[in-house]
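*Asks:* Got a structure for you, written out below as structure tokens; questions coming shortly.
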Amino acid sequence: MNKAAALTPDTLPAPVMAGRDFLSNLDMSPAELRAVLDTAHSMKRGEWRGVKPLAGLSIALVFEKASLRTRTTFDVGMYQLGGHAITLSNTEIGLGTRERVSDVARNLERWVDAVMGRVYLQQTLNELAQHATIPVINGLSDMLHPAQLLADYQTIEDEFGTDLRGRRVVYIGDGNNLANSHIHMAILTGAQVTIVTPVGYEPNAGVLMDAVKHGTDITLTHDLSAIAGADVLYTDVWISMGQEAEADIRRRAFRGYQVTPEMLDTLAPHGIFLHCLPAHYGEETVPEATEHPKSRVFDQAENRLHAQKALMYHVMGAMTPRW
Ligand code: CP
Ligand code: NVA
């Protein structure tokens with residue numbers, strides 16, 4: 001077995017996102033994405049064991065809504081890199097209700113070195129970033145989930161290598177935050193992204209314009225036959241956090257768009273199935289699909305840890321503790 005080459009404080013890569021916000025995948029250039037994913041792979045190989053590049057630094061994890069993976073991986077990731085994470089739920093801080101978003105930003109920047117926010121509205125993150133002098137990381141909004149996509153593409157690279165030009169990534173389901181971030185990843189990686197949704201649930205028009213501006217072709221269709229031969233099939237819940245009132249109407253609209261083992265059998269022979277989780281079994285998928293030999297969903301969940309550590313390193317790794 002190959003022994004991982006251990007890094008030392010002198011051989012760490014240069015942070016490529018030093019002090020910058022990560023509100024969207026497009027906040028990174030393709031070269032910066034490459035550096036972050038290389039770091040995530042290196043962390044997964046165990047090459048960072050014992051290195052504490054974020055010692056003395058802190059991050060606030062702000063949650064307006066629930067989380068298992070995002071909360072755990074940013075917190076444990078920060079610990080493994082030598083830093084400290086504090087989790088703040090919205091019942092504690094009341095973003096925009098107990099206190100103005102701008103005031104929350106101007107307080108947090110006095111104590112911590114970065115903020116990760118999981119919010120309802122992308123606008124809340126934009127406002128935090130506008131008013132805070134410290135970097136703000138998007139941990140999911142109604143519009144985007146860019147940190148998730150880092151782990152997703154790490155998982156895709158685990159399978160197919162780093163040159164993803166022309167790889168067929170098919171997203172099926174709701175044209176939501178995950179679908180939007182997939183479009184951004186097509187721009188950055190050259191993967192050939194198809195979004196399959198029911199009528200009326202297409203991705204965000206502004207995000208589709210981003211693809212047009214970058215000259216990236218995205219296939220939008222309502223036709224399930226687009227899945228055949230895909231290298232990657234990806235799905236997400238039909239009812240995102242905050243959309244519970246629309247549950248019945250959505251369940252009806254998405255009927256037929258469920259990922260089943262039979263659907264996975266139509267992928268390319270080497271094709272894989274991804275889901276950001278949590279899964280709403282009986283809706284967008286079934287347990288037999290997440291347990292299918294083509295499923296990589298639990299490797300994908302593991303990669304949240306490596307990818308989020310790599311992201312925090314590249315954003316915070318050039319900072320000096322202020323105390
Ligand atoms: N995929 C994801 O973001 O999971 P959580 O909602 O549990 O953080
Ligand atoms: N689209 C889902 C993703 C959960 C990780 C949501 O926003 O609830």
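*Asks:* On a straight-distance basis, which lysines could pair with Lys44 in a cross-link, Cα separation under 30 angstrom, same-chain partners fewer than 8 positions away excluded?
*Replies:* Lys3, Lys52, Lys65, Lys294, Lys309
*Asks:* With charges set only on the Cβ (+1 for Lys and Arg, -1 for Asp and Glu), what does the dipole of the chain come to about its Cα centre, in debye to the nearest 20?
*Replies:* For the chain, the charge dipole is close to 780 debye.
*Asks:* Once the Cβ-Cβ distance between Glu92 and Ala55 is put in as r, and R0 is 25 Å, what FRET efficiency do you end up with, to the nearest 0.05?
*Replies:* Calculated value: 0.40.
*Asks:* Now, a different point. Treating only the Cα positions of the chain as identical point scatterers, give the base-10 log of I(q)/I(0) from the Debye formula at each q in 0.11, 0.13 Å⁻¹.
*Replies:* -0.68, -0.95
*Asks:* Put +1 on the Cβ of each Lys and Arg and -1 on the Cβ of each Asp and Glu in the chain; which of Leu33, Met78, Pro287 then has its Cα farthest toward the positive end of the dipole?
*Replies:* In the chain, that residue is Met78.
*Asks:* In whole Hz, with x marking every Gly and Pro, tabulate ³J(HN,Hα) for segment 305-322 from phi via Karplus 6.51 cos²θ - 1.76 cosθ + 1.60, θ = phi - 60°.
*Replies:* 5, 5, 5, 6, 5, 4, 4, 4, 4, 6, 7, 10, x, 9, 7, 9, x, 8
*Asks:* Moving to a separate point now. Could you pull out every residue, at least 5 positions away or on a different chain, whose amide H is within less than 5 Å of the one on Leu57? Hs are placed 1.01 Å off N in the peptide plane, and Pro or chain starts have none.
*Replies:* The answer is His84.
*Asks:* Per residue, what volume in Å³ does the convex hull of the Cα atoms of segment 54-154 enclose?
*Replies:* So the per-residue Cα hull volume is 94 Å³.
*Asks:* Mind ranking 189-197, 148-156, 249-257, 26-34 by how tightly packed they are, going by the mean number of other C-beta atoms within 10 angstrom, highest first?
*Replies:* Result, highest mean first: 148-156, 189-197, 26-34, 249-257.
*Asks:* Gaussian network model of the chain, Cα springs within a sub-10 Å range: biggest mean-square fluctuation belongs to which of Phe22, Phe298, Phe63?
*Replies:* Its mean-square fluctuation being the largest, the pick is Phe298.
*Asks:* Another one. Using Cα-Cα distances under 8 Å and only pairs 6 or more residues apart, what relative contact order does the chain have, in percent?
*Replies:* 22 percent
*Asks:* Now for a different question. Go through segment 233-247 residue by residue and turn each phi into a ³J(HN,Hα) via Karplus (6.51, -1.76, 1.60, θ = phi - 60°); whole Hz please, and just put x for glycine and proline.
*Replies:* Each residue's phi maps through the Karplus curve to give 10, 10, 9, 8, 4, 7, 10, 6, 4, x, 10, 4, 5, 9, 3 Hz.
*Asks:* Whose amide H sits under 5 Å from the amide H of Met116, counting only residues 5 or more places off or on another chain, with H placed in the peptide plane?
*Replies:* Ala60, Leu61, Val62, Ile137
*Asks:* Between Arg110 and Tyr79, what's the calculated FRET efficiency when r is the beta-carbon distance and R0 is 25 Å? Round to 0.05.
*Replies:* 0.65
*Asks:* When the expected Rg is taken as 2.2 N^0.38 Å, what fraction or multiple of it is the alpha-carbon Rg of segment 151-249?
*Replies:* My calculation over the Cα atoms of segment 151-249 gives 1.07.
*Asks:* Taking H as built 1.01 Å from N, whose amide H comes closer than 5 Å to the amide H of Gly229, not counting residues under 5 places away?
*Replies:* Correct list: Leu267, Ala268.
*Asks:* Rounded to the nearest 0.05, what FRET efficiency do Ser225 and Trp323 have when you use their Cβ-Cβ distance and R0 = 45 Å?
*Replies:* 0.15
Taken together, the values in this text are just the output of simple stated rules run on the coordinates, not laboratory data. This is a predicted model, so every value here is computed, not measured. Glycine also receives a Cβ, built like all others from the backbone with ideal geometry; neighbour counts cover every protein chain displayed.
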